[in-house]
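See below for the structure under consideration.
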Amino acid sequence: MSKKIVIVSGGKLEEEVCLPILEGQKEGYVIGVDKGVEFLYRHQIMPDYIVGDFDSVQQEVVEYYRKETHVGIREFNPVKDASDTEIAIRLAMTLGGTHLVILGATGGRIDHLWANVQCLTIPFKAGVQAEILDSQNRISLIGEGETHLKKAEAYGPYFSVFPLGEEIFGFNIEGAKYPLENHVLTPYDSLCVSNEIAGDEVVITFSAGIVILMETRDKKEKTKEM
């Protein structure tokens, strides 16, 4: 049985993206992560757990959860060997999560973003679906074999692929504006940025390794009121 767990981290949290996901989370769990706890508190969304060192959170918010609720609290020393988001991902897996949606993992510092992308490896290697989501991006990992990216289900009109770690040999993309056949996907070129689905779906195949898949769309411009 599928169990979705939503992780609310401390990066960019857009109400138009986050609130529908959180308000629709009737089963599974919600985990607040450090600064992301304030977003949940502000919108009166009760998490099941909060985790982190809470060095970026207003202390009255943390005290509210300590004294007024039965929310599970996992507090850590700021001097630790894992990021707060990684700790939340590992907690989600111990709770039996089969689909992890990570909000607030983008925006702000690029080192935090890259650490969060790399942390997707943890659930990926355990066979758990996980994705980072914001208004413009859906980031996930794909492995050997075939991956079908259907136009009707894609997050946006563009997709990009990058190897996570070593080169990917025999890499193929079918059904895209820019197809590839028996390509060597390397971590130091930009060839595979901003491709597009040409027909109904794209099929990506390779025999070994891990690839970052980013489905993307341009930022919507706000219309000026007349």
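The values are calculated or read from the model by the stated rules, or taken from the named source; none is laboratory data. Keep in mind that this is a model prediction, so the values were computed, not measured. Note that we place each Cβ from the backbone using ideal geometry, even for glycine, and neighbour counts take in every protein chain shown. We work out accessible area using only protein heavy atoms, side chains counted, and drop any ligands, DNA or RNA first. Shrake-Rupley method; radii C 1.70, N 1.55, O 1.52, S 1.80 Å.
Things to note:
- Gain on full stretching of the segment that runs from E144 to I110 - 0.36 nm per residue minus C-alpha separation: 9.5 nm
- Entry comment: accessible area of the chain is 55 Å² per residue, from protein heavy atoms only and a probe of 1.4 Å.
- Mean-position separation - Cα centroids, the stretch 21-74 and the stretch 121-172, in angstrom: 29 Å
- Per-atom-type breakdown for the chain gives carbon and sulfur 50% of the accessible area (1.4 Å probe, protein chains only).
- Electrostatic dipole magnitude of the stretch 74-212 [Cβ: Lys, Arg +1; Asp, Glu -1; Cα centre; debye, to 20]: 380 debye
- Farthest toward the positive end of the dipole of the stretch 125-226, out of A198, N137, V211, is the Cα of N137, where the dipole comes from beta carbon charges about the Cα centre.
- Residue separation of E166 and E60 scaled by 0.36 nm, minus their Cα-Cα distance, works out to 33.6 nm of gained length.
- Across the stretch 1-97, the mean sequence separation of Cα contacts (distance under 8 Å, 6 or more residues apart), normalised by length, yields a relative contact order of 29 percent.
- In the chain, a dipole from Cβ-located charges (positive for Lys and Arg, negative for Asp and Glu) runs towards its positive end, and of H148, M46, P179 it is M46 whose Cα lies farthest in that direction.
- Our helix-only sum for the chain, with -39,500 (n - 2.57) per DSSP H run of n ≥ 4 divided by its residues, gives a mean residue ellipticity at 222 nm of -6500 deg cm²/dmol.
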